[in-house]
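Have a look at the structure below, then the notes.
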Amino acid sequence: KQWYQRRVRGEREWIEEQKMGSFMSVAKGSDEPPFLLELHYSGAGEGEAPACMVGKGVTFDTGGISIKPSKGMDAMRADMGGAACMASATLAAAALSLPINIVSLIVLCENMPSGRATKPGDVVTAMDGTTIQVDNTDAEGRLILADALCYSDTFKPRYVIDAATLTGAMAVALGGECSGTYSTCEDLWSALENGGRVSGDRLWRMPLFAEYGDLLKSPTADVNNISSTPYGGSITAAKFLERFVKCDSWAHLDIAGVMDSTQSSSYLPKGMSGRPTRTLVEALRNLAR
C-alpha cells in the first residue's frame, strides 16, 4: 500500500531536546520559529530502507552577524531552494506511485542578526556531539544541514541525498548550466547523472579529496564552519557536510548556480527556477528499479 504523510517538528523545545545545537545556532537570531518538516512516502512497503532527502530551507538569509551586502539581498528569499526541490520531488514520487520509500527532511528557519544571534567565534555542538567553531555566520546552510544529516541516520536510510543553495563558489565554478554534485557512492551518482540526462537539467561531479577536509581545522573545536583559505569553497563545504553522514551512499547537490534563471528559456521563465527537481524525480525512479 502506498501512502504519504507529514510530521512537523516545529517546537523549538523538540529541536533542543534532539540537541540540534548547530541548527539552533542559525535559527535563534530570528523571531520566526524554526521548523523541521518530515515528509514520509512509502511506495515499497515495510522493511525497505528509505531514501532520505534533506533540503536546506533558509527562508531569508541576511548572513546573520556576518551580514551580506545590501545589493542583491532580496534574492535571498530563494535560499530555501533545496527544501523546495526535495519537497517537490517527494510529492512527485508519491503522485507517480514510485516503488520506493522516502523520508524527506525539510529544515526551515531564517538567518537574522539580533542580540540573540550567533557571533563569529562562537562554538556550537551538533546533534552527534561534534563541536563547530562558527567563524562566519553567513556559512549557515551547512550548520542546519549538519543536524538534519545526523537526524537522517535515525531512519537507517539506504541513500541520503541533500540539496542546498550552499555556496557562491559553486556558481563561480559552474555557472547556471548544471548543479555541482558530490557523492560517496557510484550507484547513487549514476542514478543522479542519468536522471539529469533524461530531464536535461544536468549535474556535474565534483571531488571529495581528503585534503580539502584538512582546511576546516579549528583550534577550539572539532571543525570550523569555513575553510582556512578562500579557494575551493564548495568542496570544503561538502567536506564539512560529509562529517555528519553515516550512510555509505550519500550525495550532496550544491544548487546555488541554478537557483534562478537570468533569461527565459523554452521551459523556464526568468526568476527562481526550482531546479533540479525534475532530475531528482528521475533519480528516484532509477533508484526504485
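Ordering E13, E282, E46, E38 by how much accessible area each has at a 1.4 Å probe, largest first, what is the list? Walk me through the numbers before you get to the answer.
Numbers: E13 115, E282 40, E46 190, E38 0 Å².
Largest accessible area first, the list is E46, E13, E282, E38.
Convert 20 °C to kelvin, take the viscosity as 1.002 mPa s, use the Kirkwood radius over C-alpha pairs of the range 40-81 as Rh, and evaluate the Stokes-Einstein diffusion coefficient in µm²/s, rounded to a whole number. Don't skip to the end; give the middle numbers.
On the way: Rh = 13.1 Å.
Using the Kirkwood radius from Cα pairs, D works out to 163 µm²/s.
What is the distance in Å between the Cα centres of the range 74-139 and the range 225-288?
Here the two parts' Cα centres lie 13 Å apart.
Per the Kirkwood formula on distinct C-alpha pairs, the Rh of the range 1-159 is how many angstrom? Each step should come with its number before you reach the end.
Details: mean 1/r = 0.0620 Å⁻¹.
By the Kirkwood definition, the hydrodynamic radius is 16.1 Å.
Using each residue's phi in the range 103-111, evaluate 6.51 cos²θ - 1.76 cosθ + 1.60 at θ = phi - 60° and report the 3J(HN,Hα) Karplus result to the nearest Hz, with x for Gly and Pro.
Listing the rounded values in order: 10, 9, 10, 9, 9, 10, 5, 9, 10 Hz.
Taking Rh as the Kirkwood radius computed over C-alpha pairs, what is the Stokes-Einstein D of the range 160-243 at 4 °C in a medium of viscosity 1.567 mPa s, expressed in µm² per second?
On the way: Rh = 13.8 Å.
Calculated translational D: 94 µm²/s.
What do you get for the angle between helix 277-288 and the principal long axis of the chain? Use alpha-carbon atoms, 0 to 90 degrees, nearest ten.
60
Once the whole set of protein chains is in place, how much accessible area is left on I100, using a 1.4 Å probe, in Å² to the nearest 10?
Looks like 10 Å² after rounding.
For the chain, take the longest principal axis of its alpha carbons; what is the angle in degrees between that and the long axis of helix 141-152, to the nearest 10 within 0 to 90?
50
Quick one: which residues, 5+ away or cross-chain, put their amide H under 5 Å from the amide H of T118? H built at 1.01 Å from N.
Here G29 satisfy the definition.
Expressed in nm to one decimal, what extension gain is obtained for the pair L96 and T184 from 0.36 nm per residue of sequence separation less their Cα-Cα distance?
Details: separation 88, 0.36 × 88 = 31.68 nm, distance 2.77 nm.
Taking L96 through T184 to full extension adds about 28.9 nm, to one decimal.
Taking only C-alpha pairs under 8 Å that are 6+ residues apart, what is the relative contact order of the chain in percent? Please list the in-between numbers first.
Details: 729 pairs, mean separation 64.8, N = 289.
Over the chain, the number comes to 22 percent.
What accessible surface, in Å², does a 1.4 Å probe find on V198, ignoring ligands, DNA and RNA and rounding to the nearest 10?
110
Indicate the gyration tensor shape class of the range 111-251 (rounded, prolate or oblate), computed on the Cα atoms with a ≥ b ≥ c the square roots of the eigenvalues: a/c under 1.5 is rounded; otherwise a/b larger than b/c is prolate and the rest oblate.
Judged from the Cα gyration tensor, the range 111-251 comes out prolate (a/c at least 1.5, a/b above b/c).
Work out how much length R205 to Y4 would gain on full extension: take 0.36 nm times their residue separation and subtract the Cα-Cα distance, in nm to one decimal. Could the numbers behind the result be given before it?
Numbers: separation 201, 0.36 × 201 = 72.36 nm, distance 3.16 nm.
Gain in length upon complete extension: 69.2 nm.
In terms of modelled amide H atoms, which long-range or inter-chain residues lie less than 5 Å from the amide H of E48?
none
On a 23 Å Cα-Cα criterion, which of the cross-link pairs K19/K68; K156/K217; K28/K270; K28/K68; K28/K239; K19/K56 come out too long?
Numbers: K19/K68 28 Å; K156/K217 29 Å; K28/K270 33 Å; K28/K68 18 Å; K28/K239 25 Å; K19/K56 19 Å.
Table pairs above 23 Å Cα-Cα are K19/K68; K156/K217; K28/K270; K28/K239.
For the chain, what is Rg from Cα atoms divided by 2.2 N^0.38 Å, rounded to two decimals? The partial results should precede the final answer.
Numbers: Rg = 17.6 Å, N = 289, 2.2 N^0.38 = 18.9 Å.
For the chain, the normalised Cα radius of gyration comes out at 0.93.
Taking the Cα centre of the chain as origin and charging only Cβ (+1 Lys, Arg; -1 Asp, Glu), how large is the dipole, in debye to the nearest 20? Show your work: numbers first, answer last.
Numbers: 28 positive and 34 negative charges, 112 e Å.
Value, rounded to 20: 540 debye.
Divide the volume of the convex hull of the Cα atoms of the range 118-193 by its number of residues and quote the answer in cubic angstrom per residue. Don't jump to the answer; show the numbers that get you there.
Working: hull volume 8.2 nm³, N = 76.
Spread over its residues, the Cα hull of the range 118-193 gives 107 Å³ apiece.
Out of residues 5 or more away from W250 or on other chains, whose amide H comes under 5 Å of its own, with H placed 1.01 Å from N in the peptide plane?
V160, T184, C185
Just the accessible area for D153, please: 1.4 Å probe, Å², rounded to the nearest 10?
Answer for D153: close to 40 Å² accessible.
With θ taken as phi - 60° and the coefficients 6.51, -1.76 and 1.60, list the Karplus ³J(HN,Hα) couplings across the range 242-259 in order, rounded to whole Hz; mark glycine and proline as x.
4, 4, 9, 10, 9, 5, 5, 10, 10, 9, 10, 10, 8, 9, 4, x, 10, 4
Can you pull the one-decimal nm distance between simple spin-label points at T220 and M73, each 7 Å off the Cα toward Cβ?
For the pair T220/M73, the computed spacing is 2.5 nm.
The values are calculated or read from the model by the stated rules, or taken from the named source; none is laboratory data. The structure displayed is predicted, hence computed values, not measured ones. Quick reminder, even Gly has a Cβ in these numbers, built from the backbone with ideal geometry, and neighbours come from all protein chains shown. Heavy atoms of the whole protein, side chains included, go into the accessibility calculation; ligands, DNA and RNA do not. Shrake-Rupley method; radii C 1.70, N 1.55, O 1.52, S 1.80 Å.
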